[in-house]
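Taking it in order: structure first as structure tokens, then the write-up.
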Amino acid sequence: AKDAQVLGALCFNEPFAKAHFLLSATLGGGGKLTEELIAAKGVYKACFPTPEGQTMLLLALELYIMTQKRNGLKKMDDILRCLWENDIVHEDQMDTWHKTENMLHQFYPEFVLEDAIKARETGYKFIDWVQREDDDDAEEEED
């Protein structure tokens, strides 16, 4: 997947290209996006065990949603919850993704900042919940 074309643009980031092609092969069967992600979770976990790989998977999923399944922009909280509950993407990578709205720009020249902002706004509900749970767990450990 090194030096690959991703949606017509040359991509030099091998982990991102790999994530893009894997998502393209496993999604789009007509079902709910979360159900398709769960069905392929073993493949994602095997191919993207590292933090960098998980971040690239999340970015490639954002690109897939922006270009193929736009209604997913409204459901990012459900999608992030699915990724987290199924141990596909760790919460630290979600937090990094959430804090960097223009992260996808380096891989997709037709990047639209408003779409990225919308995805993060709708995903914030879940990210906020995870952070509050972590804070509660830390407080319990201190007691």
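Filter the range 43-89 down to the residues that are farther than 21 Å from residue 103 by Cα, out of contact with any Lys or Arg (no Cβ under 8 Å at 6 or more places or on another chain) and open to solvent by less than 50 Å² (accessible area, probe 1.4 Å) and list them by number.
Result: 82, single match.
Taking residue 101 and the conditions (1) part of a helix (DSSP H, G or I); (2) of a type in the set (D, E, K, R); (3) open to solvent by 40 Å² or more (accessible area, probe 1.4 Å), which numbered condition does it fall short on, given that it satisfies the others?
The failed condition is (1).
Across the range 25-37, what is the number of residues that are out of contact with any Cys (no Cβ under 6 Å at 6 or more places or on another chain) and either surrounded by 15 or more Cβ atoms within 10 Å (Cβ to Cβ) or charged (D, E, K, R) (or both)?
Matching residues across the range 25-37 total 6.
The values are calculated or read from the model by the stated rules, or taken from the named source; none is laboratory data. Fair warning: this is a prediction, and the values are worked out from it, not measured in the lab. FYI the Cβ positions are ideal-geometry reconstructions off the backbone, even for glycines, and counts take in every protein chain you see. The area values use the complete protein model at the heavy-atom level, side chains included, leaving out ligands, DNA and RNA. Shrake-Rupley method; radii C 1.70, N 1.55, O 1.52, S 1.80 Å.
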